[in-house]
Each structure stands twice: as structure tokens, then as C-alpha cells.
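In what follows, a structure is listed as C-alpha cells, so that the remarks can point back to it.
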Amino acid sequence: MISSLLIIGREESYGKQMALNSQRLNSIQEESPIEDEIVISSLAHYVLRCYEEAKTAKSDITERLLRCERQRRGEYDPDKLAGIRDTGGSDIFMMLTDIKCRASESWIKDVMFSSGEKSWSLTPTVEPEVPVYYEQEIVDTVVSEAENVQMAGQQVNPKAVEIRLDEIYTEVQEKIKAQAKESALAMEKRMMDKMQQSGYQNMLSEVIYDFVTFPCAIIKAPIIRKKKFLNWSDSFDPEVSEEIIEDFERVSPYDIFPSPNAVTPQDGYIIQRHQFTRKDLELLIDMPSFNKEVIQQVLMQYGNTGLREMIQSDSERSLLEGRNNTLIGTELIEGIEFWGNVSGHMLREYGMTDVEDYKEYEVNVWIVGSEVIKCAMNTDPLHRRPYSKCSFEQIPNAFWGVGLPEIMRDVQVMCNGSARALANNMALASAPQVDVSVDRLPEGEDLTKMYPWKIWQTTSDRTGGGQPAIKFYQPNMNAETLLNVYQYFQKIADEVTGVPNYIYGSSAVSGAGRTASGLSMLMENASKGIKQAILNIDQAVGDVLQRLYDHIMIYDDDPTIKGDCKIVASGVIKTLLKESVQQRRNEFLQLTSNPVDLQIMGQTGRAELLREIAKVLNMDVDKLVPDPDTIKAQEQMQQLMAMQQQQPQQAPPQQSQQPPQQPPQGEIQQ
């Protein structure tokens, strides 16, 4: 595998800009006048063609993303807003979607970040296999013991040999299990350190925002990056150091472009759009697999002018995200990152040698403009891309799911319609409507001014009908009916989204919700609706952490953290049920507080139960409950003391009645 590719030809075409020696440039062009230009453009052209296909296929999805963000921000779609303004009246937007999204977001964060508990765990395999060399040592040990028995003149029982083999094998297996648990705990600590170092919790918080807002949320990890850290010397002077870390990144749904027929990020190809600053590109120069010369050429070409590509969502996306129009500016340089299969023939033309023309290779290609700044093989053993996705409601066989705003879009439309009608009706019915016979008013009378005790001067009815010149009409106030309609659809939103209003502290709770126990039951039942959504996050987090675990296993040299383990992202469901489980544990603790159950459980079982209860209460378990080895030693000591206390009771009665005799001088009392 080639970790860094030196591209000759295309970067030299910028020789005039770089003030290279013309003679050297001409000599290089004479050696390869056309070939290098074709080499560079073939790979870049293929990746850029895939990018155009993905953008075209995503056009409808981009509009869905904008609708979801408008709905959460309280903005009407442009066509709807134009229709409202044509008819006049209020354009009020009820922020019901934002309320539900914020409630869901807070609920999920409370579940995943509560009490500092992890939403995942690292567990060793259920039945670790005993290595072959251990099996041979077990056999040798049993054979040696059998030979010793034969040498002592005793007969060896084959059944006893078989039992002894099973005993030693079980002991070795238990020791391997204990070592695997220790290695898993050490690996968990190492992973937690790397996650804390890279700001994993902040990243996951941003992903949860995307999860409840858009049809899909994207996590990218692990990413190898340089990061600066501030350290303090012995004399407390600041020292800045640079380290290469495994980073985590939230990728905006606007910036990800999957293959048109992809269902997961591992299907087809996937492209990420980047917006670099000059500093971002500079930091890539010393990173593995990036081409230093080409990056320098890109900085020289686009550093002062920038490089921007207009996409349909950029302008409105900037406004919705609270930024000014960023389409005008020279500080950003756009590029794309491609993950997918490329033919060996194309890679061989590009400059790779260890490839075969007829094979497809999983590669990672970075392009700025038309320049390839990185081309490297995917080093993952399974050729996995560093992307995972999750959706609030997943659609089978589809990359994009359904976001919470889309689920409640019809409800939001009805609430907005009833609220606009209510506002218009209240404005219309707030004052009377006036019918004025203009020809019966004196000349110069201002019809637009009305005030208390005003005297209207009018002439008599010329028709003789006695009709008044001014008639007042009071429009009907339909506020109560419209308010009932709004409240009805507001309640429907609870059913549609699975996020009831009492979850986020609404006082409009009736029935069982008026009591503490009833409200607890309602909240427990409501959690069933959000469990499936959180399970989708669990799956994405599990995939990300599995890739991080595999990366550490491959590239970390510490043997104490290595073992056959797997990521289990089931802590979220355990946390959801934490209150009810804790209540059941307390009941179980009380039920087993009797001599019979204590004898069955033993001190080890009781200690394990206390340890689990103390963990939930955020107590220092090691200070409260001794470890299993200490408890086992205490049990052995208690058994020994009990045996010593029983020995005097088993002595003959006559010895207890006679006074002890002094032994003769020079003899040891037996």
C-alpha cells in the first residue's frame, strides 16, 4: 500500500505561478508531455462525475432538509408564505415543532448523559477459548500427577483422570475470563480517554440535534487529526504540544452525498463536502497520505481568491442557521472527500504500482478543484468507511429516514391554520364594521376617524325610508371554536410524535397524571415510544465505537488492553429503565434480608447486589463494598476461626475436668 503519492506533472503545470525554473519545467514536460495530464484528470474526473450524480440524486432530499429546518425555526415555505401574503392577514407560526424537537432532544440527552453513565459497554466473548499451548500444558500436568500416583504404588482411575482434566481446564478458563474482563476494563478506560480528548460528548450532542430535526444524522469516526494541547511544565509554564488523535465529527446532512442507490454509508460510494480555510489545508500537509506539494499548489492558486461552488441550499441554509450570506467571500476553499471503489487500471495510471487492472479497490480520495490532494487505500480490515447514520424513524431499504418535523407536519399545518384564523378573527371582531352612506355626510367629513362621543352630521334619507346614514355591524367572535380546534390538534401532536406534553413539564395534565405515582406510570409508558428512536442512535454509536476499538487493537502497542471483546450499546435502554430497575433492586434487597436467602447468596452474592445499587447512587463502590478476593479471604478466615472454636468442644470430658499437667523440662508440648 502506498501511504503518500507523489504526483508529477499536474502540480508542475503551475510552474509559472510558483516561479519555477523554466528550463526544469520544460524538461519535465518533454519527458511526459501528455501522459501526466491524462493521469491526473482520469481519477479526478471519475470522482467529480460521481459527485455530480450524487448531487442530482439528492436534490429532493435537500428540499426535505430545508423544509424540516424551516419548520423547526418557525418559517413558512416560500410558496406558502407568498399565498398567505397574497390573501393578507396574520402570518403567525406556532412553534409546536420546535417544542417537540427540544423536548425529544432533552429527553435523549438526559438518557444518554445522565449521571455520567456510559450508553455502551465493552464485554468479552461469552466463552473465551483456551489457547492450544495451554491445552497441552493441562494434559502434561495431569499426566505428571498420574505418574506420581503410580510411583506411590496406587492405581490410577481413568475416570479420575478425566475429572481432573475438566477441573484444570475449567480453572484455566476462569482465569482467562478474569483476564479478559480486566483487559476489557482497561480498553474501556483507554477508549473513554480518547473520547474525552476529542470532545465526543459535544459531538454527540450535535448529532442528537440533527437526529430529531432532519431525516438523517451522520457521525464520522475515527478520524486521524492533529490537535494542539496546552500542558504545564514543572515550573508551571505553558507548553503547547501537537498530537495525532482519533477524532469524532458530526457531519451536516447538507454536506453528505451518498450513492444514488445506497442504503447505508457502506454501499456504493459516499462523498463529503468540505469547506477549508487556509489553516485547515496547511494542517493537512504533514498528515499521512496527503500530498504536500499539491496542497501547497492549491494554497498558492486559491489562497487569495477562494474556491466556492454554488449549491441550491447554501443561501437559505446560511440564513436558517443564523449566518449571513456566506456565498461572497474569499476565505473558504471547497473540496470533496470520496470513499468508494476505483478500478485498478485507473489507480495504476495515477501512479500506484501494487494494483491489478481488473480489480476494484476501496480508496479514499480528496479533491480540491480538480487537484487530488490525497489518494490512499482504505486501511480498515473490512474496508468500512468512517461513517454511520441514524434516523428518528428509519425506512427499510432507504438511506434517508423520516425526521420528527416530517412526522408532525400535518399537525403543524393545522395548528398554524387555526392560529392564523384565530388571529384574523380576533382582529376582525375587535371593533365594529361601519356602513356609511357617503352622499348623506357633509363635505369634508373624515370617515377614518372614530372616537367616543363623536357627533355624526348627516342629511335625511332622500328615499323617505328613514334609513340611518351610518350602520354599525359587530362581526362574530369565533375564538372559542378556533381555540378548540387548535387544542385538539395540539393533543394529536402528542400521539403522533410519542412526546407527550407532561414530559417537558406542562401543567395541562389530567387524570392519572395528577398524582405522583400516576405521572410516573404515564412517563414510563411514554418512554416506550422513544425507545425505538434511541435504539437507532444505539446502533450508530455501536458502529462508531466498534471502529474505534478495532483501530486501537490494530495500532496501539499496549498488550494489557487487548482482548476478544465486542461493543454492546445497550446501556441506553438500561438507563431508560433505571428508576424502575432501582426500585426492583431495593425490593429484592429487602426480600433477601433473611438468614435462609443470605446463606444461599453468600457474602459474595450479597456484595455484588450492594455493588450494583451503589453504582446507580454514584457512590464510591470500592470504598463501600470489598472486592471478591477480599470477601473470599474473609470467608476463609471466618471458617478457620469457627473450626478453632469447635476444637475445645470436641475434646474428651475427663481432660476438661483435670487440670493440665506441666510437661517435663526439655520436652515440647504436643
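The values are calculated or read from the model by the stated rules, or taken from the named source; none is laboratory data. These numbers were taken from a predicted model, which means no experiment stands behind them. Reconstructed Cβ throughout: ideal geometry from the backbone, glycine too, with neighbour counts over all protein chains shown. Accessible surface areas use protein heavy atoms only, side chains included; no ligands, DNA or RNA. Shrake-Rupley method; radii C 1.70, N 1.55, O 1.52, S 1.80 Å.
Okay, here's what the table says:
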item: Pair list, Cβ under 8 Å, 6 or more apart: segment 485-506 residue closer than 18 Å to F392 by Cβ, other residue in a loop (DSSP other than H, G, I, E, B) and at pLDDT 90 or above; result: A493/M408; V496/M408; T497/M408
item: Output for segment 359-397, where each listed residue is in a loop (DSSP other than H, G, I, E, B), in contact (Cβ under 8 Å) with a residue 40 or more places away in the chain and either among the basic types (K, R) or open to solvent by less than 10 Å² (accessible area, probe 1.4 Å) (or both); result: R384, R385, S391
item: P222 being surrounded by 15 or more Cβ atoms within 10 Å (Cβ to Cβ) and assigned to a loop (DSSP other than H, G, I, E, B); result: no
item: Candidate set from segment 430-459 (those that are among the polar types (S, T, N, Q) and surrounded by 11 or more Cβ atoms within 10 Å (Cβ to Cβ)); member that is nearest to P475 (Cα to Cα); result: Q433
item: Which numbered condition K227 fails, given (1) within 30 Å of E393 (Cβ to Cβ); (2) part of a strand (DSSP E or B); result: (1)
item: Some residue of segment 196-213 being open to solvent by 10 Å² or more (accessible area, probe 1.4 Å) and among the acidic types (D, E); result: yes
item: Among residues of segment 261-295, those that are farther than 19 Å from V363 by Cα, open to solvent by less than 70 Å² (accessible area, probe 1.4 Å) and not β-branched (V, I, T), counted; result: 4
item: Helices (runs of 4 or more DSSP H) (entirely within segment 585-670) containing at least 1 residues that are modelled with pLDDT of 70 or more; result: 595-616, 621-624, 628-649
item: Some residue of segment 131-144 being assigned to a helix (DSSP H, G or I), closer than 24 Å to D558 by Cα, of a type outside the set (K, R) and touching a strand residue (DSSP E or B) at 6+ places or on another chain (Cβ under 7 Å); result: no
item: Meets criteria (touching a helix residue (DSSP H, G or I) at 6+ places or on another chain (Cβ under 8 Å), surrounded by 10 or more Cβ atoms within 10 Å (Cβ to Cβ) and of a type outside the set (F, W, Y)) for L482; result: yes
item: Cross-chain or 6+ apart pairs with Cβ under 7 Å, segment 248-266 first and part of a strand (DSSP E or B), then open to solvent by 30 Å² or more (accessible area, probe 1.4 Å) and charged (D, E, K, R); result: R250/E206; F257/K55
item: Residues of segment 293-304 satisfying the condition of being farther than 11 Å from G369 by Cβ and in contact (Cβ under 8 Å) with a residue 12 or more places away in the chain; result: E293, I295, L299, M300, G303, N304
item: Residues being part of a helix (DSSP H, G or I) and more than 27 Å from the chain's Cα centre (by Cα) - total across segment 58-100; result: 10
item: Residue match in segment 301-309 (condition: in a helix (DSSP H, G or I) and closer than 30 Å to E69 by Cα); result: no
item: Residue match in segment 345-357 (condition: under 24 Å from N261 (Cβ atoms), in contact with a strand residue (DSSP E or B) (Cβ under 8 Å, 6 or more places away or on another chain) and open to solvent by 10 Å² or more (accessible area, probe 1.4 Å)); result: no
item: Unmet requirement for D234, which otherwise passes all of (1) closer than 21 Å to V363 by Cβ; (2) free of Cβ contacts under 8 Å to residues at least 12 places away in the same chain; (3) of a type in the set (D, E, K, R); result: (1)
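Every residue, every condition in (1) of a type in the set (K, R); (2) surrounded by fewer than 20 Cβ atoms within 10 Å (Cβ to Cβ); (3) within 30 Å of D193 (Cβ to Cβ); (4) modelled with pLDDT under 85, yes or no:
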| position | (1), (2), (3), (4) |
| --- | --- |
| G511 | no, yes, no, yes |
| R514 | yes, yes, no, yes |
| S517 | no, yes, no, yes |
| L522 | no, yes, no, yes |
| N525 | no, yes, no, yes |
| K528 | yes, yes, no, yes |
| I537 | no, no, yes, no |
| D543 | no, no, yes, no |
| L548 | no, no, yes, no |
